[in-house]
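Structure, as structure tokens:
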Amino acid sequence: MKSYIEERAVAVAQFMIHTNATVRETAKKFGISKSTVHKDITDRVEKIDPELAKSVRRVLEVKAERHIRGGMATKEKYLHRMQ
């Protein structure tokens, strides 16, 4: 892997950890695609720094919970309206 790709992958991971940014926000900030961000944080960082990869994974897991919590809140809202 070329050094600039490794440097970018680490920078992307650190940015996401420090700012709690989404994949989309990170892609926009670095001027790369969402696919590239995802590849960087799931594959490349894992090979470069496994501890950093664990930290990024935790940030992504919290982001993944959002749509589930939002759906549950909407369900509750409409259940109460029907009663």
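The values are calculated or read from the model by the stated rules, or taken from the named source; none is laboratory data. Quantities reported herein were computed from a predicted structural model and do not represent experimental measurements. Cβ: placed from backbone, ideal geometry, glycine included. Neighbour counts: every protein chain shown. Calculation scope for accessible area: heavy atoms of the full protein, side chains included, ligands and nucleic acids excluded. Shrake-Rupley method; radii C 1.70, N 1.55, O 1.52, S 1.80 Å.
Within the stretch 23-42, being open to solvent by 60 Å² or more (accessible area, probe 1.4 Å) and assigned to a helix (DSSP H, G or I) holds for R24, E25, K28, K29, F30, K34, S35, H38, K39.
Could you please let me know if A64 is in contact (Cβ under 8 Å) with a residue 12 or more places away in the chain and open to solvent by less than 60 Å² (accessible area, probe 1.4 Å)? It would help to see each step written out before you state the result.
Values: in contact (Cβ under 8 Å) with a residue 12 or more places away in the chain: no; open to solvent by less than 60 Å² (accessible area, probe 1.4 Å): yes.
Against the criterion (in contact (Cβ under 8 Å) with a residue 12 or more places away in the chain and open to solvent by less than 60 Å² (accessible area, probe 1.4 Å)), A64 does not qualify.
Considering the stretch 6-22, and only residues there that are touching a residue at least 40 places away in the same chain (Cβ under 8 Å) and assigned to a helix (DSSP H, G or I), the residue that is farthest from R57 (Cα to Cα) turns out to be E6.
The set of residues in the stretch 44-61 being assigned to a helix (DSSP H, G or I), of a type in the set (D, E) and more than 13 Å from the chain's Cα centre (by Cα) consists of E46, E51. Screening K39, K29, K2 for residues that are charged (D, E, K, R), at negative phi and in contact (Cβ under 8 Å) with a residue 12 or more places away in the chain leaves exactly one candidate, K29. For G71, the conditions (1) under 13 Å from the mean Cα position of the chain (by Cα); (2) at pLDDT below 95; (3) open to solvent by less than 70 Å² (accessible area, probe 1.4 Å) are fulfilled apart from (1).
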